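What follows is a single structure, written as structure tokens, with notes after it.
The values are calculated or read from the model by the stated rules, or taken from the named source; none is laboratory data. Only a predicted model underlies this, so the values are computations on that prediction, with no experimental measurement involved. So basically every Cβ, Gly included, is an ideal-geometry build from the backbone, and we count neighbours across all protein chains shown. Side chains included, ligands, DNA and RNA excluded: accessible areas come from the protein's heavy atoms. Shrake-Rupley method; radii C 1.70, N 1.55, O 1.52, S 1.80 Å.
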Amino acid sequence: MRELKVFGAPGLYVQGPGALRELGRLIAPVGSRALLVSDRIMSGMLAPRIAPLLEAEGIAFAATGFDGDVTHANVDRMVADGTPLAPDVVIAAGGGKGMDAGKAVCRAFGARLVSLPTAASNDGPTSRNFVFYDDHHKLLSVEKLVRNPDLVLVDTDLIIKAPAALLISGIGDALVKRFEAEQAVGADGPNMFGARATLASLTLAQRCDEVLRADAVEALAAVRSNRPGPEFERVIEACFLLAGLGFEGSGLSIAHAMTRGLSAIPATAAALHGCQVAYALLVQFMLERRPPEFMAEQFAFYRSVGLPVSLRDLGLASAARADLEVIAELSHRAPHTKNFERALTPADFVDAMEQLEAIGLM
């Protein structure tokens with residue numbers, strides 16, 4: 001695969017207000033026994049709405065939920081819950097945890113996957129990737145499904161009701177994709193399929209950045225006023241579709257490598273994924289030796305949407321050298337670190353974080 005170009009995508013992407021009404025009709029060609037997987041609260045909220053939609057199409061339905069993180073124990077219990085149904089379709093619903101849990105359960109059953117995001121907190125709904133954590137929210141592993149979801153259904157009437165903080169996270173997760181893609185492609189590194197990037201994937205990642213720069217502030221205003229508009233719809237598409245296809249097809253770099261380290265420090269582990277990688281993108285920029293005027297532009301944009309520009313913003317009140325060294329060492333071990341313009345050492349990460357802290361706290 002390494003010498004081939006590979007581009008993967010969902011079978012169908014559907015977005016717009018009221019899209020949930022189409023769920024039964026769109027699932028019917030995919031399977032006849034559907035299991036809803038989400039956190040317990042979201043599962044309880046969605047199951048009564050989904051059940052009649054599927055019943056109208058003759059699709060058997062059951063629901064399960066979880067508390068806490070996507071751990072092996074939680075997934076095993078949900079698989080046990082779903083075994084009497086023997087689902088051939090899993091509906092992964094919610095935010096990032098719901099998506100990951102649904103993918104894990106889907107893989108266990110060998111089922112088809114439908115993504116039903118209820119918050120635009122990350123670009124997981126279009127991808128085949130998911131993660132496991134331990135009971136202390138430390139990242140254990142990044143896993144993959146055999147294929148991308150068969151359907152991604154984005155009801156923007158649901159998305160706009162989610163807290164603005166979740167969209168800020170999604171903007172952060174999407175924002176990093178252009179710059180990671182450019183590093184990965186420039187270093188001739190593998191994409192998420194272990195292959196080379198297509199022109200399409202890099203173009204999508206770059207277009208994602210353009211949309212966010214133009215529309216993110218207005219999209220957040222729409223969420224806070226509960227008044228959706230074209231800017232909101234464009235940003236949601238960027239956060240899910242452009243970012244998701246862009247990163248899977250192009251590859252990741254420093255920003256996502258640093259989630260290994262940031263998830264190991266309790267204060268920063270509590271931050272949303274999109275906020276973690278947005279901060280890490282600034283570290284990547286320091287490693288790229290970007291000029292001061294470029295960094296000033298980034299800080300201005302970050303502050304306009306509420307993204308973190310320092311470890312303090314990310315939750316670490318005092319960035320002790322020992323904490324920086326832990327973050328640096330674990331980040332350096334991540335495979336995405338190799339998708340960079342030059343070889344790095346843990347000391348490079350520490351230096352970049354120290355430089356960033358000095359600037360970000362000014």
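Based on this model, can you work out whether Gly110 counts as modelled with pLDDT of 95 or more and among the small types (Gly, Ala, Ser)?
On the way: modelled with pLDDT of 95 or more: yes; among the small types (Gly, Ala, Ser): yes.
Considered against the rule, which asks whether it is modelled with pLDDT of 95 or more and among the small types (Gly, Ala, Ser), Gly110 comes out as yes.
Confirm whether Val146 is touching a strand residue (DSSP E or B) at 6+ places or on another chain (Cβ under 8 Å) and aliphatic (A, V, I, L, M). Talk me through it step by step, then tell me what you get.
On the way: touching a strand residue (DSSP E or B) at 6+ places or on another chain (Cβ under 8 Å): no; aliphatic (A, V, I, L, M): yes.
Taking the combined requirement at face value, the residue does not satisfy it.
Please enumerate the residues belonging to the range 30-50 that are more than 18 Å from Val152 (Cα to Cα) and either open to solvent by less than 40 Å² (accessible area, probe 1.4 Å) or hydrophobic (A, V, I, L, M, F, W, C) (or both).
Hits for the range 30-50 are Ile41, Met45.
Of the residues that make up the range 273-280, is at least one at pLDDT below 95 and surrounded by 16 or more Cβ atoms within 10 Å (Cβ to Cβ)?
yes
Failed condition for Thr71, given (1) under 30 Å from Ala271 (Cβ atoms); (2) modelled with pLDDT of 95 or more; (3) hydroxyl-bearing (Ser, Thr, Tyr), with all others met?
(2)
Only one residue in Ala120, Ala200, Ala174 is part of a helix (DSSP H, G or I), under 18 Å from Gly274 (Cα atoms), in contact (Cβ under 8 Å) with a residue 12 or more places away in the chain and among the aliphatic types (A, V, I, L, M), so which one is that?
Details: Ala120 fails: part of a helix (DSSP H, G or I); Ala200 fails: under 18 Å from Gly274 (Cα atoms).
The match here is Ala174.
Restricting to the range 180-210, what's the tally of residues that are open to solvent by 10 Å² or more (accessible area, probe 1.4 Å) and of a type in the set (A, V, I, L, M, F, W, C)?
Number of matching residues: 9.
For Ile27, state whether it is surrounded by fewer than 16 Cβ atoms within 10 Å (Cβ to Cβ), under 24 Å from the mean Cα position of the chain (by Cα) and among the β-branched types (Val, Ile, Thr).
So Ile27 does not fit the description; no.
Please find, within the range 261-314, the residue that is farthest from the chain's Cα centre (by Cα) out of those that are part of a helix (DSSP H, G or I) and among the basic types (Lys, Arg). Steps first, answer last, please.
Let us first name the residues in the range 261-314 that are part of a helix (DSSP H, G or I), namely 261-262, 266-269, 273-287, 292-305, 311-314.
Within this subset, residues satisfying the condition of being among the basic types (Lys, Arg) are 303, 312.
Details: Arg303: 21, Arg312: 22 Å.
Here the residue is Arg312.
Which numbered condition trips up Ala264, out of (1) of a type outside the set (Ser, Thr, Tyr); (2) surrounded by fewer than 24 Cβ atoms within 10 Å (Cβ to Cβ); (3) in contact (Cβ under 8 Å) with a residue 12 or more places away in the chain; (4) under 22 Å from Gly18 (Cα atoms)?
Status for Ala264: all satisfied but (4).
Of the residues in the range 320-362, how many are surrounded by 13 or more Cβ atoms within 10 Å (Cβ to Cβ), among the small types (Gly, Ala, Ser) and outside any loop (DSSP other than H, G, I, E, B)?
Final tally of qualifying residues: 4.
Would it be correct to say that Ala270 is surrounded by fewer than 16 Cβ atoms within 10 Å (Cβ to Cβ) and modelled with pLDDT under 95?
So Ala270 passes the test.
When residues of the range 143-178 are filtered for being open to solvent by 10 Å² or more (accessible area, probe 1.4 Å) and touching a His at 6+ places or on another chain (Cβ under 9 Å), how many remain?
Final tally of qualifying residues: 0.
Please note which helices (runs of 4 or more DSSP H) are completely contained in the range 1-92 and include at least 3 residues that are in contact (Cβ under 8 Å) with a residue 40 or more places away in the chain and polar (S, T, N, Q). Steps first, please.
Values: elements: 23-27, 40-55, 72-82.
It comes to none.
When you scan the range 221-252, how many residues do you find that are buried (at least 18 other Cβ atoms within 10 Å of the Cβ) and closer than 17 Å to Asp209 by Cα?
Going through the range 221-252 one residue at a time, the tally reaches 22.
For the range 338-362, name all the residues that are closer than 18 Å to Ser263 by Cβ and out of contact with any Ser or Thr (no Cβ under 7 Å at 6 or more places or on another chain). Quick ask: steps written out before the conclusion?
Start the filter on the range 338-362 by keeping residues that are closer than 18 Å to Ser263 by Cβ, which leaves 346, 349-350, 353.
Within the range 338-362, Pro346, Val350, Met353 qualify.
Among the numbered criteria (1) touching a helix residue (DSSP H, G or I) at 6+ places or on another chain (Cβ under 6 Å); (2) closer than 19 Å to Leu272 by Cβ, which single criterion is violated by Phe340?
(2)
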